[in-house]
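The values are calculated or read from the model by the stated rules, or taken from the named source; none is laboratory data. Predicted model only: the values in this text are computed from it and were never measured. Here the Cβ is made from the backbone with ideal geometry for all residues, glycine too, and neighbour counts use every protein chain on show.
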């Protein structure tokens, strides 16, 4: 690979650079989201509503454990972006080696603990009644793939930090294609039910791991894997932990939210409400893929230019990223508001779900046009290595607003109180993020 791939982050026109970084990230997220959507469609149409509820319970547990790898990947990639901006190649390789050791070791430990306490974990996240058996079957198999998923989540942000978004995109496309193909083979052709869905997911994680492993050992990567760098370096571990802890804290709060949300859904709407949210949660990832793509594309550009002390480019990157993402968010909002029933009918023909979900979908997406400020604003602080504001803003929506709202509003408004908690939390989190972002830009970038 050409050694100037990362240096392009500091020289190319910002608009062109955002598009070049964001499109592959968005496509990767789109394919991954389509994978989850199609997975849910297979499960809903060939296995049943309880299987959708089971997957809704299991995925937050598996992603909580795998988020250790995500935290290490995002925390380390922030360091790598800034080190590349400063031309510090030795630090880049040292961080990379420590990331591998941390991700592999911690994911294996947490996966082992998760398998040992299978029933306790499932019950904690809301599994009960007819959902418990399919949840247990799905969970047991998927957990074997979690260490591979953790390593994928570590490697993908590093690939983006190198300025290689196309390979990052492929790393997300590979497991999606594998999972969809295996879903058809295992669920429809072999009729393996929920076990087939679980094995399709696990083998998909493994396929993505193999691709990322190939990338780092190929000439396409600037990073050098050397055994001497896998020994943990305490200052590096602390720096990765400080920044990666933000991601881990966010996922921890999301897991707490999942526990509270799942129990509240069952309490106020029964197991059907759990399936309704299963569909909505898939749409939250799928529909927002362009905005998430711009957010992912923004981070390495911001980190590199901050490391290079190029604050004018940093400011331009921020403004253009928010502008592009807001335009896309408005388009998404219009589609959701106009076609909610058509969207839900792709997942199931169950009358109860078709009756409840469209209105709930509209409510949850009600303030989508504002989310670009929230997502890119919080990503900015993480990209430049400012731990405290990044942590605060990362936890704002779920931890400070959404969890309390879900605990309070259903007492007065029932199931509607759960759905309306989402747009209220988005609105409040966006306002707080905008305030912090304005202060930061004014102080460090000399804006008025």
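Take the stretch 270-297 and flag every residue that is more than 15 Å from the chain's Cα centre (by Cα) and either within 20 Å of residue 21 (Cβ to Cβ) or buried (at least 22 other Cβ atoms within 10 Å of the Cβ) (or both).
273, 274, 275, 276, 277, 278, 279 - these are the residues of the stretch 270-297 that are more than 15 Å from the chain's Cα centre (by Cα) and either within 20 Å of residue 21 (Cβ to Cβ) or buried (at least 22 other Cβ atoms within 10 Å of the Cβ) (or both).
One residue is enough: does the stretch 22-41 have a residue meeting the conditions modelled with pLDDT of 80 or more and not in a helix (DSSP H, G or I)?
no
Would you confirm whether or not the stretch 65-75 contains a residue that is modelled with pLDDT under 75, part of a helix (DSSP H, G or I) and farther than 16 Å from residue 201 by Cα?
No: the stretch 65-75 contains no residue that is modelled with pLDDT under 75, part of a helix (DSSP H, G or I) and farther than 16 Å from residue 201 by Cα.
Suppose the filter is under 23 Å from the mean Cα position of the chain (by Cα) and modelled with pLDDT of 90 or more; does residue 147 pass it?
Yes; evaluated as a whole, the condition is true for this residue.
Being touching a helix residue (DSSP H, G or I) at 6+ places or on another chain (Cβ under 9 Å), in a helix (DSSP H, G or I), at pLDDT below 85 and closer than 30 Å to residue 80 by Cβ: is that true of residue 324 here?
no
Is one or more of the residues making up the stretch 238-247 over 16 Å from residue 89 (Cβ atoms), modelled with pLDDT under 85 and in a loop (DSSP other than H, G, I, E, B)?
Scanning the stretch 238-247, I find no residue that is over 16 Å from residue 89 (Cβ atoms), modelled with pLDDT under 85 and in a loop (DSSP other than H, G, I, E, B), so the answer is no.
Please find, among 336, 332, 343, the residue that is assigned to a helix (DSSP H, G or I) and closer than 21 Å to residue 417 by Cβ.
The conditions single out 336.
I need the full set of residues from the stretch 177-199 which are surrounded by fewer than 24 Cβ atoms within 10 Å (Cβ to Cβ) and within 21 Å of the chain's Cα centre (by Cα), in order please.
177, 178, 180
I'd like to know if the stretch 69-82 contains one or more residues that are more than 22 Å from the chain's Cα centre (by Cα) and either surrounded by 24 or more Cβ atoms within 10 Å (Cβ to Cβ) or in contact (Cβ under 8 Å) with a residue 40 or more places away in the chain (or both).
The answer is yes; a qualifying residue exists.
Anything in the stretch 372-405 that is within 22 Å of the chain's Cα centre (by Cα), over 30 Å from residue 304 (Cβ atoms) and either free of Cβ contacts under 8 Å to residues at least 24 places away in the same chain or surrounded by fewer than 23 Cβ atoms within 10 Å (Cβ to Cβ) (or both)? List them, or say none.
Matches in the stretch 372-405: 400, 401, 403.
Restrict the check to the stretch 308-317 and report whether at least one residue is at pLDDT below 85, at positive phi, part of a helix (DSSP H, G or I) and more than 24 Å from the chain's Cα centre (by Cα).
no
Residues that are within 30 Å of residue 439 (Cβ to Cβ) and buried (at least 21 other Cβ atoms within 10 Å of the Cβ): does the stretch 347-358 have at least one?
Checked against the condition, which is being within 30 Å of residue 439 (Cβ to Cβ) and buried (at least 21 other Cβ atoms within 10 Å of the Cβ), the stretch 347-358 yields no hits at all.
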